[in-house]
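Read the structure below first, then the notes.
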Amino acid sequence: MATSPSAHAGEHADEHGHADHRPSPYDPRRWLFSTNHKDIGTMYLIFAIIAGLVGGAMSGLLRWELAEPGLQVFNGQSVLGIVFGNEHNYNVIMSAHGLIMIFFMVMPALIGGFGNWFVPLMIGAPDMAFPRMNNISFWLLPVALSLAVLSMIVPGGSMGTGFGGGWTLYAPLSTSPQLHGGPSMDLLILSIHVAGISSILGSINFIVTIFNMRAPGMTLHRMPLFVWSILVTVWLLLLSLPVLAGAITMLLTDRNFGTNFFNAAGGGDPAMFQHLFWFFGHPEVYVLILPGFGIISQIVSTFSRKPVFGYLGMAYAMVSIGVIGFIVWAHHMYTTGMGLELEAYFVAATMIIAVPTGIKIFSWIATMWGGSIDLKVPMLWAIGFIFLFTLGGVTGVVLANSGIDTVLHDTYYVVAHFHYTMSLGATFAVFAGFYYWLPKMSGLKYSGFLGGLHFWLMFVGVNAVFFPQHFLGLQGMPRRYADYPAGFAHWNLISSYGYVITAVGVLVFLAMLLDMFVLRRRKLNAAENASPWGEGATTLEWTLSSPPPFHQFSELPVIAEEKHH
Amino acid sequence: MASHGDVKHDYHLVDPSPWPFVGSLSLFLLAVGAVVLMKGIEVQGPLKGLLAHGSPAIFGVGAIGILATMAGWWGDVIKEGQKGHHTPVVDIHLRYGMILFIASEVMFFVAWFWAYFELAIFHGVRADWIIQGDADVMKAWAHWPPPNVETFDPFHLPLMNTLILLLSGTTVTWAHHALQKGDRNGAMWGLILTVALGSLFTFIQFGMEYPEAGFMYGNQGDVTTANLYGSTFFMATGFHGAHVIIGTIFLTVCLIRLLAGQFTPQKHFGFEAAAWYWHFVDVVWLFLFAFVYVTPKLAMEG
């Protein structure tokens with residue numbers, strides 16, 4: 001560009017002025033009407049923290065109830081000033097805990113929060129492709145959450161308020177006029193519709209952004225693995241959520257307009273709901289974990305000061321997990337009587353997923369191998385993730401066998417398995433990403449002591465919660481009951497103690513946030529303003545100031561070498 | 001672009017907009033209002049009347065809000081396009097976005113075809129599962145289509161509707177080619193014919209075919225026999241019919257925009273998006289015609 005030095009300098013100052021043209025955070029229109037990917041990402045993260053606290057408090061009620069045999073909480077007497085009527089209310093809280101953690105905590109944090117913040121930064125784009133649509137993707141989530149919470153307090157059916165059929169919404173429990181004839185289930189269906197619209201619009205936005213807004217030289221095979229992980233994730237959402245939308249529309253018409261899709265006596269098939277649900281539901285569980293894979297890859301590489309081992313293998317492992325994730329859904333349904341040939345197929349297909357997953361685990365370890373490892377807080381969470389996710393993965397291989405699953409289906413073994421992948425895997429990835437990018441997002445440093453304490457309390461706590469649940473499951477304790485025989489008391493009590501440790505860990509997390517954002521004692525100094533993590537952090541977001549300008553990359557960066565993994 | 005002298009890229013950084021927030025709030029009211037219409041929510045106090053079963057007020061306000069959002073939001077998109085914000089790269093954004101939206105719509109129809117195929121193909125398998133005879137269930141699962149169902153003759157009104165949609169596919173292509181050549185008049189007539197054919201399809205489907213159905217929807221029919229066929233038939237073809245109406249409205253908007261002179265031979269993506277959507281609706285119909293109308297008839301005769 002032929003500009004004189006002085007003109008260029010003036011232009012540069014001008015650019016700086018424009019970039020710093022940041023609206024006041026106290027102007028509500030900045031948030032309500034936002035078209036800025038970082039502001040929207042911030043709203044997603046705050047929303048996820050609130051939803052996580054709500055969902056976490058709900059699991060506290062569940063562990064309180066299960067701490068010993070008999071009914072402690074859900075017994076019709078006042079607890080903390082609230083009356084939890086009966087075992088049905090336990091199931092209502094259980095269902096809401098699952099739905100809130102999936103749709104309103106993990107997904108908004110990983111995809112909406114970190115995805116919004118860092119996909120444009122990492123590919124060298126000034127914003128998302130559709131900034132206005134980005135905002136409706138966010139604002140539909142409080143709407144969906146409100147509908148879900150409303151659903152808990154309106155009449156559910158003969159047993160009381162709310163829907164108590166679990167996050168899977170299985171018919172005929174969800175269609176029975178007697179058990180769930182009230183408006184509660186209808187509100188929940190519409191809540192999921194709204195959350196689904198939010199995710200579909202967000203997915204379209206991410207795919208277009210990643211395909212069409214990469215900076216010059218940022219080829220697909222140079223994209224950071226976090227961007228790859230979001231790309232695979234949103235494809236899964238785009239193709240699976242509409243099927244769920246169809247399935248829950250069938251629930252809605254079965255309930256309100258007299259169709260018989262899932263009513264056997266009318267010719268329909270309740271097992272068909274399970275097929276439709278899990279055609280969405282299985283890709284959905286990869287939706288929850290894949291962005292975590294991406295975050296862990298970035299962190300392990302940064303704090304080992306090495307490029308990630310087997311970059312292309314890592315990227316295509318995620319792609320193959322995504323593809324195979326669409327053809328394994330019926331492994332959630334071995335006990336429906338689907339026939340031996342189908343079971344054999346789903347066992348084989350499911351086990352195959354262990355191969356790309358193994359590629360990821362081994363590549364993370366190989367990345368650390370020989371690296372200059374720096375055990376900062378994000379790295380602690382990342383290593384914790386690898387350890388715990390591997391544990392959840394191997395119990396997944398156990399459950400993939402239909403013969404074993406026939407015994408373990410709907411026991412606490414399954415609860416332990418998916419909490420090791422979700423509560424310990426995905427959530428640890430959320431915290432890892434949070435501690436990794438918090439200085440970038442805020443320009444502030446957090447207390448490494450509080451971050452480390454948070455990690456160790458959570459690590460000990462969640463293991464204490466969920467490891468004993470393997471034993472309970474193997475002993476045959478079924479899930480989704482408020483009470484149990486005395487023989488299960490021992491491990492249940494330990495599990496509930498684990499919750500207390502975890503809850504203290506969450507309090508430390510909140511203390512860390514208060515210390516960081518209220519006291520604001522530690523600002524990033526000039527030397528570490530772009531990146532506090534040293535030379536290991538090579539992706540584009542670390543080339544910008546912290547926090548980044550309101551609109552970054554007014555002049556697109558050019559990526560020349562293959563260092564931006 | 002003069003207004004952004006310091007910005008050296010062609011992306012469109014959209015100004016803050018109230019529509020996403022207004023749309024979200026409206027959708028909340030629409031959802032609550034729908035549940036009030038279907039079930040009603042029993043409360044005491046001032047909201048009692050609004051939330052009583054069948055009360056249309058909340059749903060109505062939500063629907064108005066959604067319509068206002070669509071008008072305001074897409075109106076803004078049109079204005080931004082006219083201001084030149086839709087640079088070549090943004091144009092590609094819009095194209096990708098529309099393709100992906102249609103992809104998600106395809107997956108929505110997958111759910112309805114899935115239900116149709118599973119219930120049609122595997123009714124015999126399910127009948128074999130029954131160990132303890134539940135007479136109603138055995139009766140319901142024994143036949144497909146159920147014995148009291150009189151399916152449509154596919155080579156009567158359905159074939160006519162197939163031809164109407166295929167013909168409308170040619171007229172919309174005519175409009176497109178005319179538009180590219182700068183022949184506004186040809187484009188106008190092509191679009192008018194397409195809208196007319198789309199409306200004719202809707203009239204024939206909802207006005208002539210549905211009332212003649214030899215089976216029932218919902219709980220009006222014999223629960224153990226006819227009802228399920230009606231559920232799958234009416235939900236699958238009905239959702240398609242709704243998409244035909246949406247596509248017809250989309251094309252009508254394009255016709256108005258054409259007459260307002262908003263399309264040029266070079267830039268008319270709004271029209272192309274409508275045409276893509278129309279072809280998608282067309283293809284879904286071909287699948288419906290082949291598998292929901294023709295195949296059962298052949299199976300029953302064969």
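The values are calculated or read from the model by the stated rules, or taken from the named source; none is laboratory data. Remember, it's a predicted structure, so these values are computed and weren't measured experimentally. Quick reminder, even Gly has a Cβ in these numbers, built from the backbone with ideal geometry, and neighbours come from all protein chains shown. Surface accessibility is based on the protein's heavy atoms, side chains included, excluding ligands, DNA and RNA. Shrake-Rupley method; radii C 1.70, N 1.55, O 1.52, S 1.80 Å.
Do any chymotrypsin sites (Phe, Trp or Tyr not before Pro) in region B:115-186 lie in a loop, going by DSSP, with at most 12 other beta-carbon atoms within 10 Å of their beta carbon, and if so which? Within region B:115-186, the qualifying chymotrypsin sites (Phe, Trp or Tyr not before Pro) (loop, at most 12 other Cβ atoms within 10 Å) are B:Phe155. Take each residue in A:33-44, count the other chain C-beta atoms within 10 Å of its C-beta, and the mean is 2. Surface composition of chain A: carbon plus sulfur atoms hold 70% of the accessible area, using a 1.4 angstrom probe and ignoring ligands, DNA and RNA.
Of the residues A:Leu408, A:Phe550, A:Leu244, the one whose Cα sits farthest towards the positive end of the charge dipole of chain A is A:Phe550 (charges of +1 on Lys and Arg Cβ, -1 on Asp and Glu Cβ, taken about the Cα centre).
Applying D = kT/(6 pi eta Rh) to the protein assembly as shown, where Rh is the Kirkwood radius over alpha-carbon pairs, T corresponds to 25 °C and eta to 0.890 mPa s, the Stokes-Einstein value obtained is 85 µm²/s. Counting, for every residue in B:36-43, the Cβ atoms of other protein chains within 10 Å of its Cβ and taking the mean gives 5. Take each peptide in B:50-63, B:187-200, A:99-112, count the other Cβ atoms within 10 Å of every residue, and average; sorted highest first, the result is A:99-112, B:187-200, B:50-63. Under 17 Å of direct C-alpha separation, and excluding same-chain neighbours fewer than eight residues apart, B:Lys267 reaches these lysines: B:Lys79, B:Lys83, B:Lys181.
The figure for A:Arg29 is an accessible area of roughly 140 square angstrom, using a 1.4 Å probe on the protein chains alone.
When only Cα pairs below 8 angstrom with a gap of at least 6 residues are kept, chain B shows a relative contact order of 17 percent.
Applying 0.36 nm per residue to the separation of B:Ala135 and B:Asn148 and subtracting their alpha-carbon distance, the gain on full extension is 3.0 nm. Inter-label distance, B:Lys48 to B:Thr295: 5.4 nm, where each label sits 7 Å from its Cα along the C-beta direction.
Calculated [222 nm] ellipticity per residue, helices only, for the protein assembly as shown: -21500 deg cm²/dmol; basis is -39500 (n - 2.57) per DSSP H run with n ≥ 4, divided by all residues, nearest 500. Extending 7 Å from the Cα toward the beta-carbon at both A:Val397 and B:Gln266 defines two label points whose distance is 6.0 nm. Applying both filters, DSSP loop and at most 14 other Cβ atoms within 10 Å, to the chymotrypsin sites (Phe, Trp or Tyr not before Pro) of region A:230-268 gives A:Phe257.
Evaluated with a Cβ-only charge set (Lys, Arg +1; Asp, Glu -1), region B:86-301 carries a dipole of roughly 860 debye about its Cα centre, given to the nearest 20.
Average accessible surface for the protein assembly as shown: 38 Å² per residue, computed with a 1.4 Å probe over protein heavy atoms with every protein chain in place.
The label point for B:Leu163 and the one for A:Val558, both projected 7 Å from the Cα toward the Cβ, are 6.1 nm apart. Partner lysines whose Cα lies under 25 Å from the Cα of A:Lys523, excluding those fewer than 8 positions away in the same chain, are identified as A:Lys38, A:Lys376, A:Lys440, A:Lys445. Straight-line cross-link reach from A:Lys360 at under 18 Å between alpha-carbon atoms covers these lysines, not counting any fewer than eight positions away in the same chain: A:Lys306.
Take every Cα pair under 8 Å whose residues are at least 6 apart in sequence, average their separation, divide by the length of chain A, and the relative contact order is 17 percent. Simple point charges give the picture: +1 on the Cβ of Lys and Arg, -1 on the Cβ of Asp and Glu, and for the protein assembly as shown a dipole about the Cα centre of about 1740 debye.
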